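Heads up, the thing below is written out as structure tokens.
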Amino acid sequence: MASVIIPSNPSQPTAGRFGVYGGRYVPETLMAALSELEQEYERAKADATFQAELDDLLHNFAGRPTALYYAKRLTEQLGGAKIYLKREDLLHTGAHKINNSLGQGLLAKRMGKQRIIAETGAGQHGVATATVCALLGLDCVVYMGEEDMRRQELNVLRMRLLGAEVRGVSSGSKTLKDAINEAMRDWVTNVRTTYYVLGSALGAHPYPTMVRDFHRVISREMKAQLLEKEGRLPTAIIACVGGGSNAIGAFYEFIPDKNVRLIGVEAGGRSGELGEHAMRFQGGSPGVLQGTFSYVLQDEQGQIASTHSVSAGLDYASIGPEHAMLHDTGRAEYTSADDQAALDAVVRLSRTEGILPALESAHAVAEAIRIAPSMQKHEILVVNLSGRGDKDMGILARELKIQGSNA
């Protein structure tokens, strides 16, 4: 259940707030664990050895820095702004998620936690966490809604091959929200021995800050690459937004640059009716869900609404609290792309650039396709291509009917 009343608890940690959003709304059992995690993370940030180990793995294991690729044919077809793609899809495991999983995996090892749990929607965070656990010799349990397991069977197989136990969640909508619920129940029960690798920039403090920090390498690289290639900053940066990890990573270093538009793209789903989409800023209201205060899709009684997206990774009822602040202050703008626009974007990018984007990332591509033609040729759009689309081939085969014919 979500609350429609803005909390005003002075005991909430200031460091965990983004304006009025954020905070720490969890069972008492987890308060000590979250405080321990916050303190250990602060020590790790100041530890040169920890940072050096993380940098080495990001470079030599994950494959950073990722390319900033000029999408020449797409730019020419659209006839407007120059379009670049930040190629997070080229990272090991196929998405940006490995940035955060490596950081939190090293933190868990530093804290002496042998058992790792995680939640996953599209499966990319689960695969990244299972990969890191295999690398570091840690035990891994991943919670995944049964509906997402059906949609993302390939990633389920990948996780199991990597040695993770994948636990299907049959409650609720059987998607990401329900997987998070089960992971939190596990953590409450096994808090002394278990580390929870949360996969997006949401949840109780310090997770939104910590996940953002592990992903800010995206915008740090992006800024340096743009200055090298173009000698200037972009007109706009576009990223899909589920919980918001790839988007906050892509936005963060540009927040002080007021002339750079930051555009987050939510899942428009099938329609604007509640339960048919995942547009938190167009259909939601402030409330508490799964440890944090942010925008939530809920009814008038505060009951969590069902959500829908063709992309499992955007199919979530809330959004990270830093995005809520960026929305309310007007520093970032949030729009949406519906299922069909995302599917069309997959086909467009595949056939113009030879790049198959994840369905999540395709929402951002769809927004670039929508706005680029009305922009000037000297303007620059950067799309954060958060993941690759191999995992979505089953969905694409059904939705586009590509087997045995042209889509």
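List of remarks:
- Boolean, R270 is more than 23 Å from T307 (Cβ to Cβ), touching a residue at least 40 places away in the same chain (Cβ under 8 Å) and of a type in the set (K, R): no
- Residue among A179, A239, A250 that alone is within 17 Å of the chain's Cα centre (by Cα) and either among the polar types (S, T, N, Q) or closer than 23 Å to A134 by Cα (or both): A179
- Within the stretch 318-336, the residues that satisfy the criterion of being outside any helix (DSSP H, G or I), within 13 Å of E266 (Cβ to Cβ) and of a type outside the set (A, V, I, L, M, F, W, C) are S318, G320, E333, Y334, T335, S336.
- Residue count, the stretch 133-146 (criterion: within 19 Å of the chain's Cα centre (by Cα) and open to solvent by 10 Å² or more (accessible area, probe 1.4 Å)): 1
- Among the residues examined, Q104 qualifies as closer than 20 Å to R43 by Cβ and buried (at least 24 other Cβ atoms within 10 Å of the Cβ).
- Residues (part of a helix (DSSP H, G or I), buried (at least 18 other Cβ atoms within 10 Å of the Cβ) and out of contact with any Gly (no Cβ under 6 Å at 6 or more places or on another chain)) located in the stretch 350-365: E353, L359, A362, H363, A364, V365
- Residue match in the stretch 386-396 (condition: open to solvent by 70 Å² or more (accessible area, probe 1.4 Å) and among the hydrophobic types (A, V, I, L, M, F, W, C)): yes
- Check on L154, surrounded by fewer than 16 Cβ atoms within 10 Å (Cβ to Cβ) and under 30 Å from H308 (Cα atoms): yes
- Breaking point among (1) closer than 30 Å to A52 by Cβ; (2) open to solvent by 50 Å² or more (accessible area, probe 1.4 Å); (3) in a strand (DSSP E or B), for E119: (2)
Here is a yes/no grid of residues against (1) touching a residue at least 12 places away in the same chain (Cβ under 8 Å); (2) under 17 Å from H378 (Cα atoms); (3) part of a strand (DSSP E or B); (4) touching a Lys or Arg at 6+ places or on another chain (Cβ under 6 Å):
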| position | (1), (2), (3), (4) |
| --- | --- |
| D56 | no, no, no, no |
| H59 | no, no, no, no |
| P65 | yes, no, no, no |
| R73 | yes, yes, no, no |
| G80 | yes, yes, no, no |
| T93 | yes, no, no, no |
| N99 | yes, no, no, no |
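- Exclusive hit being of a type outside the set (K, R), open to solvent by 20 Å² or more (accessible area, probe 1.4 Å) and touching a strand residue (DSSP E or B) at 6+ places or on another chain (Cβ under 8 Å), set T193, T129, T175: T193
- Only a single criterion out of (1) closer than 23 Å to A247 by Cα; (2) of a type in the set (D, E, K, R); (3) open to solvent by 60 Å² or more (accessible area, probe 1.4 Å) is not satisfied by E53, namely (1).
- Conditions (1) over 20 Å from V265 (Cα atoms); (2) touching a helix residue (DSSP H, G or I) at 6+ places or on another chain (Cβ under 9 Å); number of the one not met by A362: (1)
- Matching option when the condition is basic (K, R) and either closer than 30 Å to Y25 by Cβ or under 15 Å from the mean Cα position of the chain (by Cα) (or both), among R216, R232: R216
- Test: T29 is open to solvent by 60 Å² or more (accessible area, probe 1.4 Å), part of a helix (DSSP H, G or I) and at pLDDT below 95: yes
- Lone qualifier among S285, S294 - being modelled with pLDDT of 95 or more, over 15 Å from S336 (Cα atoms) and buried (at least 24 other Cβ atoms within 10 Å of the Cβ): S294
- Considering residues of the stretch 151-167 that are in a helix (DSSP H, G or I) and under 20 Å from the mean Cα position of the chain (by Cα) only, the residue nearest to R115 (Cα to Cα): M159
The values are calculated or read from the model by the stated rules, or taken from the named source; none is laboratory data. In this text the structure is predicted, and so the values were computed from the model without any measurement. Here the Cβ is made from the backbone with ideal geometry for all residues, glycine too, and neighbour counts use every protein chain on show. These accessible areas exclude ligands, DNA and RNA; they are computed on the full protein's heavy atoms, side chains included. Shrake-Rupley method; radii C 1.70, N 1.55, O 1.52, S 1.80 Å.
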